[in-house]
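Only the coordinates and a few stated rules stand behind these numbers; no lab work does. For clarity, every value in this text was computed on a predicted model and none was experimentally measured. Positions of Cβ are backbone-derived with ideal geometry, glycine not excepted, and every protein chain shown enters the neighbour counts.
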Amino acid sequence: MNNPRILEGIKVVDMTSVIFGPYATQTLADCGADVIKVEAPRGDFFRGAGKPAKTRGMGAVHMTMNRGKRAITLDLGNEEDAEVMRGLIEDADVFIHNVRKKGVEKLGFGYEDVKAIKPDIVYVHCTGFGSGGPYEPLQCYDDVVQAASGLTSLMPIADRNPKPRYIPSAIVDKVAGLHAAYATMAALIHKLRTGEGQFVEVPMFEAFTHFLLEEHLFGATFDPPTETMLYKRQVDPDRQPSPTKDGHLSIVPYVDENWQKTFELMGDPDFLEREGLTTPVERFRNQDKMFLHIDKLAPAKTNAEWTELFNANNIPCMAARDIHDIMEDPHLKETGFFKRREHPSEGGYFEMQPPVRFGARPDAELGYAPRVDEHGEEIRREIAERKGGA
């Protein structure tokens, strides 16, 4: 095999739905794995997300979350279809699903069931809550974990608004999906080294809480605590894009030596000394005061004028643009991040390219998001041929 993709030759049986699992398995597909998306007869209900779709079951989010996979529909309550599933697993390296434990065991595809079919299987359970705790049997979605992890308590601090609120992104699903992708690849490396498969549990609640508290555990890291939780810079209400003459600009003099230079460029070189902010400790404790002063000075110039000045002095800044403008970003255009393609059934569409590049292999043409049961006949034929030749 000449210059194979990273996971070429790896077969993944994917019984996940919505965002968490599909985001993980798309990452595996982008790396070259043969991902077979197993859906109930009516298809993953999340295929309808992103209406209006050109074709039923081919909504926008499905298009961005399931590229490069093959699709088959199976009714696992039907013995004939369950036998097809067992045939898939016999030839798989990975089985990944997000069905609750009791439900998947009732279907006959718990870990011990699957291990009996394929002893070296990497079995990945994408679940809401980790096993062994009181939340284990509960249903779970992104919003639930945003609330349970404490994320919804941070926005009121930053907004000076008493009402807890969600982040406007399925951030928990996607963070947990990345955990599932790296965990699967780590288990595959273990399998390649030892020949052993294993059970891998990826709980949304624990994965996202770990992600959230990397900086926000803060003073509670120590026993006894040295300070309260929360990394002050991240929840500072005054840490916002600054108003300029023609918009808003993110000005981030993050490293200590940039602060003095920033105020020099903005026309008030004596500010730090005048306010007693001459040491890193004082600046850290008084970031709100510094950001408020930047807000007072920023309206003197346009975004373009400030950007030219700050870039020339190595001070990070970027215009706070509307999300609707991101597809026109010159950097993303130059790097080919958005690519227009022709889908076999949906026609023209835009696709985001994988953000990670591997130097050992040129970028490969990616597959398409599949239609419901698009590859069902093909996959059944492959199983039959394999068994016939066994």
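Side notes on the structure shown:
- Sequence-separation-based contact order of segment 165-296, relative, with Cα cut under 8 Å and 6+ spacing, percent: 14 percent
- Compared with the dominant principal axis of the Cα atoms in the chain, helix 256-265 is inclined by about 60°.
- Calculated FRET efficiency for the pair Glu385/Arg341, C-beta based, R₀ 25 Å, to 0.05: 0.20
- When the chymotrypsin sites (Phe, Trp or Tyr not before Pro) in segment 119-188 are filtered for DSSP coil states and for at most 10 other beta-carbon atoms within 10 Å of their beta-carbon, no site remains.
- Hypothetical label at Arg321: residues of segment 247-287 whose amide nitrogen lies under 17 Å (7 Å Cα-Cβ projection): 247-251
- Placing a pseudo-label 7 Å from each Cα along the Cα-to-Cβ vector at Glu351 and His331 gives an inter-label distance of 2.4 nm.
- The GluC sites (Glu not before Pro) of segment 318-390 meeting both criteria, a DSSP state outside H, G, I, E and B (loop) and at most 11 other C-beta atoms within 10 angstrom of the site's C-beta, are Glu365.
- Extension gain from Ser250 to Phe211, taking 0.36 nm per residue of separation minus the Cα-Cα distance: 11.7 nm
- Other residues with beta-carbon under 15 Å from the beta-carbon of Ile167 carry, at +1 per Lys or Arg and -1 per Asp or Glu, a net charge of -1.
- The antiparallel fraction among DSSP beta bridges confined to the chain stands at about 30%.
- With q set to 0.17, 0.19 Å⁻¹, the log10 of I(q)/I(0) for segment 242-319, from the Debye formula over equal scatterers at the Cα positions, is -0.59, -0.74.
- Estimated from the Cβ-Cβ distance and a Förster radius of 25 angstrom, the FRET efficiency linking Glu112 and Ala360 is about 0.10.
- Subtracting the Cα-Cα distance of Glu378 and Glu282 from 0.36 nm times their residue separation leaves 27.9 nm of extension gain.
- Distance (nanometres) between label positions extended 7 Å along Cα→Cβ at Leu192 and Phe222: 4.3 nm
- Only Cα pairs under 8 Å and 6+ residues apart enter the sum, and on that basis the relative contact order of the chain stands at 18 percent.
- Segment Ala312-Lys296, length gained on full extension (0.36 nm per residue, minus Cα span): 3.6 nm
- Among the trypsin sites (Lys or Arg not before Pro) found in segment 324-390, those both in a DSSP coil and sparsely packed, with 11 or fewer other Cβ atoms within 10 Å of their Cβ, are Arg357.
- Derived value for the chain: Kirkwood hydrodynamic radius 24.2 Å. Basis is the mean of 1/r over every pair of different alpha-carbon atoms.
- Euclidean distance between Cα centres, segment 189-230 to segment 26-83, Å: 30 Å
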